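The values are calculated or read from the model by the stated rules, or taken from the named source; none is laboratory data. Bear in mind the structure is a predicted one, so any value in this text is a computation, not a measurement. When we count neighbours, we look across all protein chains shown, and the Cβ atoms used for this are built from the backbone with ideal geometry, even at glycine. Please note that ligands, DNA and RNA were not included when accessible areas were found on the heavy atoms of the full protein model with its side chains. Shrake-Rupley method; radii C 1.70, N 1.55, O 1.52, S 1.80 Å.
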Amino acid sequence: MRVVLPILLVSCTRLVCPEGYGLADDELCYPLDLPTVTAPSTPTSAADTDTDTDADADTDADADADADADADTDTDADADADSGTTHTGDTGSASTDTSWTNPDLGTTLAITTWSAGCLGADWLVQGTTDGPIGTARINVWETDTPDGRSEEHPLESVAPSDDADFLEDLWTGAGSFVPGASTRFVCGDHDARGALTWALRIYDGSGALMDCVAWGNDPHGIKRGEHAGDTPVTSQPELTGCRVP
């Protein structure tokens, strides 16, 4: 329903409508029913610009480079042969071989260690056995040269016991040959060039041979009797049964 209000005469020449009304052409005041205009909303660009550059670059390069190389360089070669192969045992050897049995007595008394080397200008000769002995002797030959010299010395028991014996002697070097006291062989020369061959023999209390060990430059040649030397060897045939380590 339209409500029409009377016109208020403000003056004789000007018509004024009340607030909220407008003057129409028919000079009547009508309600100002203006449509409500809604301003268009400004569109917004919802562009997802996700610049997440989180790149999981796992560069764990755990390289197990286990290079444990067990290089066993043990070149211990036993060159014992009946061809007279050179050995370098002048300065000492050791053994625990107790397999030698006296064929006459049927008992075992073995040399367990042996050595011959220089102590300054002198020669120290030693040996041990696995039981008390009667006597011992040691022979030495200069076997690296034709017609080499040779010597034979007693070897004294210095510490006998019920289950072992210790043999030892010290010879003055580069002197004259005196059994058990001095030798013609020179420390720093004969030992340095490996010129000597040795044979140690032990006997029980009755004088029976119990064991023999030969070592050095040419022990097999000594066993075969190839080096006569210039000193007689007591009971030469005994050397054929010497052990060669």
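Worth pointing out:
- Note on the stretch 91-122: residues that are polar (S, T, N, Q), touching a Phe, Trp or Tyr at 6+ places or on another chain (Cβ under 8 Å) and at pLDDT 50 or above total 1.
- Residue ID - nearest to the chain's Cα centre (by Cα), chosen from residues in the stretch 225-244 that are open to solvent by 60 Å² or more (accessible area, probe 1.4 Å) and touching a residue at least 40 places away in the same chain (Cβ under 8 Å): E226
- Candidates are the residues of the stretch 123-140 that are in contact with a Phe, Trp or Tyr (Cβ under 7 Å, 6 or more places away or on another chain) and surrounded by fewer than 17 Cβ atoms within 10 Å (Cβ to Cβ); the one that is nearest to V178 (Cα to Cα) is T135.
- In summary, V213 fulfils each of the numbered conditions (1) farther than 30 Å from D162 by Cα; (2) in contact with a strand residue (DSSP E or B) (Cβ under 6 Å, 6 or more places away or on another chain) with the single exception of condition (1).
- Verdict on S157 being closer than 20 Å to V213 by Cα, in contact with a Leu (Cβ under 7 Å, 6 or more places away or on another chain) and of a type in the set (S, T, Y): yes
- The residues in the stretch 204-245 that are in contact with a Leu (Cβ under 9 Å, 6 or more places away or on another chain) and not charged (D, E, K, R) can be counted, and the count is 15.
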